[in-house]
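Here's the structure we're looking at; comments come further down.
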Amino acid sequence: MNILGISAGFHDAGISLISDDKILFAAHSERYSKIKHDSELNTKILSDCISQYGMPDRIAYYERPWVKRTRQLYAGQYKEAFNFRSLRTTLRDVAPWSGLDKLPIDYYPHHLSHAAAGFQTSSFDSATVVVIDAIGEWDTASIWSAEYIDGRARYKKLWSQKYPHSLGLFYSAMTKRAGLKPLDEEYILMGMAAYGTLFVPLHSHFVTNRHLLEFKHNLHLGCDEYMPELSNETIAASAQYSFELCLKAVMERARQIGHGRNLVYMGGCALNCSANEMLGEYFDNIWIMPNPGDAGSSLGAAALTYGKRLDWRTAFLGTDIPGSYPVKDVLNELVTNKIVGVANGRAEFGPRALGNRSLLADPRGPDIKDRVNEIKRRQKFRPFAPVILEELAEEYFAMPRGWRTSPYMQTVAGCLRPQEFPAIVHADETSRVQTVSKDGSGIRQLLEAWYTWTGCPMLLNTSLNIRGEPMVNDRADADRFETLYGVRVLS
């Protein structure tokens, strides 16, 4: 049975198609509409999926709309609650040719979809699952036990916190207070934190009980007027400090009441790689599916309808740009110009480029960081990530406990040779490391050739886009990027 999972209506819409345990396709609406964090489905993404793999037999949706509406009414979001469009209406509007609106639809709780996207793609037979995001229907944080019984995934909610108390909304409110765009630029706040002075009282000004994730104010309303004398950098440092204190409390609780020492961590907050560094203090084995936010829950919903373990092999699940990975041409461009784009193979499912839609550069040049930030129209303080041969990672980075490998850029690690690689080291001398195993992928082949040629086992790797735009999806996008920003993009 082919099952189409859908996440849409809030932010970062996405779809996933599975056939039994195989993940056939998974992609983001924004890559097709060219609208960053697009919340809606569009004709192009559905056409791309159906034209390749045929019509699904069933649809699975990542939340329960009628439950969400009760929370919207409670929160005073009357416009959102009363302007509700059913999923069937949406499908009929964006894909009237498809007949998708006539298929049976399964609806699942928002946090359960997050949990399933993580657990059923993991290698674990049982796990403790932690989900933390801004808001689902009502849940804002939850802890689950998960296990397979007779081959079927079974979940039990062990604890949860509910709206308006939300660690995710706290971080988004701080993002806005620091002059950034909430539900978009939280990752910039995380990077900005390294430049700020810690203002410890911020934590007690907002958090009533970190062990229960209770807050003094409904931060859905923001905190724009909070202490205007504090710099944005200080707000960032203090918000990150408070976030980490709260996350530690959740992980302590999860370890105490959870199901063993395997951790599955999901929800948008799982993208905070600076905080993820400490997860190994609480659990022995860690799995964060590389798309832990709402778009990834499309896969979770499909997994719940299927009910069994999915055969997770790669995050390269989206639009395909066919052809062999251009290793030789990339090497030549790196040697000549130090910076090159790659758009080849299937697009990454998740917010981070892993080699198939990447802007790559030599990490050793003293001016490389500024040059790449200029190309991407980003603030100059923003850090970049290294992608490195997995077997050599520990020679160059102090990988944190529980993170011997990091194939999806999900943690930071101290750089052991910061002076040698200034382009990939942040102000606190950490790097968001991506390790690549001997998996035969294009990026692996490139790293091996680069290491043979230069003796350097890593490259700077950032997403092939500029600030405010989605990542390059197809060859037409790559041509546009090449023309507008003066960087060769090889396929």
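The values are calculated or read from the model by the stated rules, or taken from the named source; none is laboratory data. Every value quoted in this text rests on a predicted model; they were computed, and no experiment measured them. Glycine also receives a Cβ, built like all others from the backbone with ideal geometry; neighbour counts cover every protein chain displayed.
What are the residue pairs meeting all of these: first residue in segment 261-280, first residue in the same structural domain as residue 190 (by TED's automatic domain parsing) and of a type in the set (D, E, K, R), second residue part of a strand (DSSP E or B) and crowded, with 21+ Cβ neighbours inside 10 Å, Cβ atoms under 6 Å, and 6 or more apart or on different chains?
Taking only residues 6 or more apart or on different chains, the pairs are 277/412.
Looking at segment 116-168 only, could you name the residues that are of a type in the set (A, V, I, L, M) and within 29 Å of residue 204 (Cβ to Cβ)?
First, pick out the residues of segment 116-168 that are of a type in the set (A, V, I, L, M): 116-117, 127, 129-132, 134-135, 141, 143, 146, 149, 153, 158, 167.
Scanning segment 116-168 gives 130, 131, 132, 134, 135, 141, 143, 158, 167.
Hey, any hits in segment 440-462 for a residue that's surrounded by 19 or more Cβ atoms within 10 Å (Cβ to Cβ), farther than 19 Å from residue 356 by Cα, small (Gly, Ala, Ser) and assigned by TED's automatic domain parsing to the domain that holds residue 391?
no
All but one of (1) assigned to a loop (DSSP other than H, G, I, E, B); (2) in contact with a Phe, Trp or Tyr (Cβ under 6 Å, 6 or more places away or on another chain) hold for residue 418; state the number of the condition that does not hold.
(2)
Might you let me know whether segment 463-482 holds any residue that is buried (at least 23 other Cβ atoms within 10 Å of the Cβ), among the hydrophobic types (A, V, I, L, M, F, W, C), touching a Phe, Trp or Tyr at 6+ places or on another chain (Cβ under 6 Å) and under 20 Å from residue 395 (Cα atoms)?
Within segment 463-482 (the criterion being buried (at least 23 other Cβ atoms within 10 Å of the Cβ), among the hydrophobic types (A, V, I, L, M, F, W, C), touching a Phe, Trp or Tyr at 6+ places or on another chain (Cβ under 6 Å) and under 20 Å from residue 395 (Cα atoms)), the answer is no, since none of the residues qualifies.
Taking residue 78 and the conditions (1) closer than 15 Å to residue 98 by Cβ; (2) surrounded by fewer than 23 Cβ atoms within 10 Å (Cβ to Cβ); (3) over 24 Å from the mean Cα position of the chain (by Cα), which numbered condition does it fall short on, given that it satisfies the others?
The one condition residue 78 does not meet is (1).
So residue 306 passes all but one of these: (1) of a type outside the set (S, T, N, Q); (2) in the same structural domain as residue 411 (by TED's automatic domain parsing); (3) touching an Asp or Glu at 6+ places or on another chain (Cβ under 8 Å). Which condition number does it fail?
The single condition residue 306 does not satisfy is (2).
In segment 254-280, which residue that is under 21 Å from residue 116 (Cβ atoms) and in a helix (DSSP H, G or I) is farthest from the chain's Cα centre (by Cα)?
257
Out of segment 475-491, which residues are under 11 Å from residue 342 (Cα atoms) and in a loop (DSSP other than H, G, I, E, B)?
487, 488, 491, listed by residue number.
Identify the residue in segment 289-339 that is closer than 14 Å to residue 116 by Cβ and among the aliphatic types (A, V, I, L, M) and, among all such residues, is nearest to the chain's Cα centre (by Cα).
Once the filter is applied, the top-ranked residue is 289.
Identify all residues within segment 161-179 that are in a helix (DSSP H, G or I) and either among the basic types (Lys, Arg) or more than 16 Å from residue 214 (Cβ to Cβ) (or both); write none if there are none.
Passing the criteria: 172, 174, 175, 176, 177.
Tell me the residue from 39, 47, 98, 51 that is under 23 Å from the mean Cα position of the chain (by Cα), outside any strand (DSSP E or B), among the hydroxyl-bearing types (Ser, Thr, Tyr) and surrounded by fewer than 19 Cβ atoms within 10 Å (Cβ to Cβ), please.
39
Determine which member of the set 74, 107, 62 is of a type outside the set (A, V, I, L, M), in contact (Cβ under 8 Å) with a residue 60 or more places away in the chain and under 14 Å from residue 298 (Cβ atoms).
62 is the lone residue from the list that is of a type outside the set (A, V, I, L, M), in contact (Cβ under 8 Å) with a residue 60 or more places away in the chain and under 14 Å from residue 298 (Cβ atoms).
What do you reckon, is residue 8 under 30 Å from residue 463 (Cβ atoms), in contact with a Gly (Cβ under 7 Å, 6 or more places away or on another chain) and not assigned by TED's automatic domain parsing to the domain that holds residue 134?
No.
Only one of these is outside any loop (DSSP other than H, G, I, E, B) and under 19 Å from the mean Cα position of the chain (by Cα): 127, 146, 141, 153. Name it.
Numbers: 127 fails: under 19 Å from the mean Cα position of the chain (by Cα); 146 fails: under 19 Å from the mean Cα position of the chain (by Cα); 153 fails: under 19 Å from the mean Cα position of the chain (by Cα).
After applying the criteria, what remains is 141.
I'd like to verify a number: residues in segment 271-281 that are crowded, with 20+ Cβ neighbours inside 10 Å and in contact with a strand residue (DSSP E or B) (Cβ under 7 Å, 6 or more places away or on another chain), how many?
4
Restricting attention to segment 1-30, which residues are in contact with a Lys or Arg (Cβ under 9 Å, 6 or more places away or on another chain) and not in a strand (DSSP E or B)?
Within segment 1-30, 1, 9, 10, 20, 21, 29, 30 meet the criteria.
Name the residue that is nearest to residue 446 (Cα to Cα), counting only residues in segment 457-490 that are free of Cβ contacts under 8 Å to residues at least 40 places away in the same chain and hydrophobic (A, V, I, L, M, F, W, C).
Top of the filtered list is 476.
Is there a residue being in contact (Cβ under 8 Å) with a residue 40 or more places away in the chain and farther than 25 Å from residue 138 by Cβ anywhere in segment 77-90?
No: zero hits.
Answer yes or no: is there a residue in segment 334-342 that is farther than 28 Å from residue 2 by Cβ, at pLDDT below 95 and aliphatic (A, V, I, L, M).
yes
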